[in-house]
Structure formats: structure tokens, C-alpha cells
């Protein structure tokens, strides 16, 4: 009898072997968490897209041609920007998000270039670590998607600072998968969990925006959160972002909000309320309602 024919491609066979191997448990868990995030955030962000929430966000950067997007999700935010005529560079740590974004935009007729640069490695203590390859060369496509990490990817930050200037940087509804805390260097960032990690990424976004924005360029940050119609809450939000911007030249200028409804269904990604850094005197936080909270900052001329 002849030899049995091996089934599947070489890449498929390697992936199957990795999945069976206990020493690659962290790599396997990372892949599962990234995939789960795409499913859950896909349901939520489709709801935001259909409800016009992304259009509301995009109004803030109207007329600003070149946009750097920090975290593209599964592509509904990027699609909104592209449909409104912006030229976009989008960064995301999750390669499955980037692949979904590419498929989303190409289905709507946009030219997209995708650069996956990350290599996952098993690290001690059932953790994983990431190595990133060289950033891409210049591209003429309307949308450039790059795998990268705002906290652990100095090559990408240097490339952006050296090769690009943007009219706007957007960081909308930032989140991460639940396995992010298993990254080998996670404790070095100073975050206790994936929610604290979000603030660190926003801090890094302020610093990067200060470098890559043109004079009079805008940084636009949008979060989900509890909100109360009270000027003292608005001032507290501004002050929090002033602290994030304190190591930059950016000037925090405006806070806006819109009340919103969460996506229905059990397989969406619900908002997690986070309390303010300190109580706001005279404000009854039991009156808060779910809102998309927009903060715009400008780089001086």
C-alpha cells in the first residue's frame, strides 16, 4: 500500500499541531479570544453603524482629509470614514479585526491595503508575546490597515512620526479582547486589567497625536459611559482628558454626548460602567444614562 496522503495545507497542519500541543496553550487561547472579540464587537458595532452613531462621531472630523484611526474594530467605523471621503490609516492589535475590516470595505468598493506584521510566541508562565516586523512602504490606496500595538511597537510609532502627518486622529470606542492581560509584558504597562489598558492606550494616543498631527489637527476620542446632563460632569470629563494631554501640546476643547441604546442579543459586547476618578460634588450619579461621550482636542498652529 502507498503512503497515506496528508490532509490540508502545510499551514493548516501546523495550526492543528499547535492546537494540540500544551506548550502552545497561550497562543491558542489568544487566537480564541481574538476571534470571540470579532464576533461580539461585530454585533455591537453593526448596531452602532445601523443606528447612525458612527456618522455622529464622524461629524467631528468633517473636512479633515487624512485620518489615523486607533482601533478599527471590524470595520464599521472605518467604512463610515471612507464613505465620507477620508483617506485612512487604521491600526489594530487584532489581525482578525483587520481582516474583517478589509473584507467590509472591499465589499463596498474601496481599495484597501492590509499589512499583517505580528508574530505570536509562547512566553513563560502561560503567557504570550508579540514581535512585529517592519512597517509598510508608502501606499496609494484609500485605506491602509496595519497590525500594530500602541504600547509595544516602537517601530510603527517611529514610522508614523517620520512618514505621515494627519489632519485628524480618532480613537472611537476603544476596547480589547479578554486575553490581553496574558501578554507577557502586560504588567510593565501599569494596567491591572483590560479596562485599565484602555486608558493607557488613550494616553499613548495623545502622545502619538501630538507628533503626527498637522498644526490645527484634531484628536477625537469617543467612549461609552454613564452621563448626566450637568456642567460639572462635563468639566470633570474635560479635566480627566487634560491630565491625559498634559505631556503634550494638545488643548482639550470640547465635550459632546449623545444618548444611545445598546445592541440587543446575548452575543454583543455590553458597556461596562466605570466610576469617575473622584466623586463630583452635587451630582447624583444614580441619574446617569448610557451615552457616547465625545472629547475633541486640537494641536496648536
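Within the stretch 197-204, is there a residue that is crowded, with 18+ Cβ neighbours inside 10 Å, modelled with pLDDT under 90 and either assigned to a loop (DSSP other than H, G, I, E, B) or in contact with a helix residue (DSSP H, G or I) (Cβ under 9 Å, 6 or more places away or on another chain) (or both)?
Yes, that holds for at least one residue.
Quick one: what pairs do we get from the stretch 152-172, first residue on the phi > 0 side of the Ramachandran plot, second part of a helix (DSSP H, G or I) and surrounded by 22 or more Cβ atoms within 10 Å (Cβ to Cβ), C-beta under 6 Å, 6+ apart or different chains?
none
Of everything in the stretch 39-62, what is assigned to a loop (DSSP other than H, G, I, E, B), without any contact (Cβ under 8 Å) to a residue 60 or more places away in the chain and farther than 13 Å from residue 169 by Cα? Give them in sequence order.
Across the stretch 39-62, the qualifying residue is only 52.
For the stretch 86-118, which residues satisfy the criterion of being touching a helix residue (DSSP H, G or I) at 6+ places or on another chain (Cβ under 6 Å), crowded, with 22+ Cβ neighbours inside 10 Å and in a strand (DSSP E or B)?
88, 90, 92, 112
Restricting attention to the stretch 158-172, report how many residues are within 28 Å of residue 269 (Cβ to Cβ) and either surrounded by 23 or more Cβ atoms within 10 Å (Cβ to Cβ) or at pLDDT 95 or above (or both).
6
Let's see how each residue does on (1) modelled with pLDDT of 85 or more; (2) crowded, with 16+ Cβ neighbours inside 10 Å; (3) within 19 Å of residue 52 (Cα to Cα):
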{"residue": "237", "(1), (2), (3)": "yes, yes, no"}
{"residue": "244", "(1), (2), (3)": "yes, yes, no"}
{"residue": "252", "(1), (2), (3)": "yes, yes, no"}
{"residue": "273", "(1), (2), (3)": "no, no, no"}
{"residue": "278", "(1), (2), (3)": "no, no, no"}
{"residue": "291", "(1), (2), (3)": "yes, yes, yes"}
{"residue": "294", "(1), (2), (3)": "yes, yes, yes"}
{"residue": "301", "(1), (2), (3)": "yes, no, no"}
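State yes or no: is residue 78 part of a helix (DSSP H, G or I), on the phi < 0 side of the Ramachandran plot, touching a strand residue (DSSP E or B) at 6+ places or on another chain (Cβ under 8 Å) and surrounded by 22 or more Cβ atoms within 10 Å (Cβ to Cβ)?
On the way: part of a helix (DSSP H, G or I): yes; on the phi < 0 side of the Ramachandran plot: yes; touching a strand residue (DSSP E or B) at 6+ places or on another chain (Cβ under 8 Å): yes; surrounded by 22 or more Cβ atoms within 10 Å (Cβ to Cβ): yes.
In short, yes.
Within the group 114, 81, 98, 68, which residue is under 21 Å from residue 50 (Cβ atoms) and touching a residue at least 24 places away in the same chain (Cβ under 8 Å)? Please lay out each step first, then the result.
On the way: 114 fails: under 21 Å from residue 50 (Cβ atoms); 98 fails: under 21 Å from residue 50 (Cβ atoms); 68 fails: under 21 Å from residue 50 (Cβ atoms).
The conditions single out 81.
Look at the stretch 208-240 and say how many of its residues are under 24 Å from residue 156 (Cβ atoms) and not in a strand (DSSP E or B).
Taking the stretch 208-240 and keeping what is under 24 Å from residue 156 (Cβ atoms), we get 208-215, 217-223.
Then keep just the ones that are not in a strand (DSSP E or B); that gives 208-212.
Count: 5.
If I filter the stretch 176-196 for residues that are more than 21 Å from residue 35 (Cβ to Cβ), buried (at least 20 other Cβ atoms within 10 Å of the Cβ) and touching a strand residue (DSSP E or B) at 6+ places or on another chain (Cβ under 9 Å), do I get at least one hit?
no
The values are calculated or read from the model by the stated rules, or taken from the named source; none is laboratory data. Note that the coordinates shown come from a computational prediction; the quantities given were computed from them, not determined experimentally. Cβ coordinates were reconstructed from backbone atoms using ideal geometry, including for glycine residues, and neighbour counts include every protein chain displayed.
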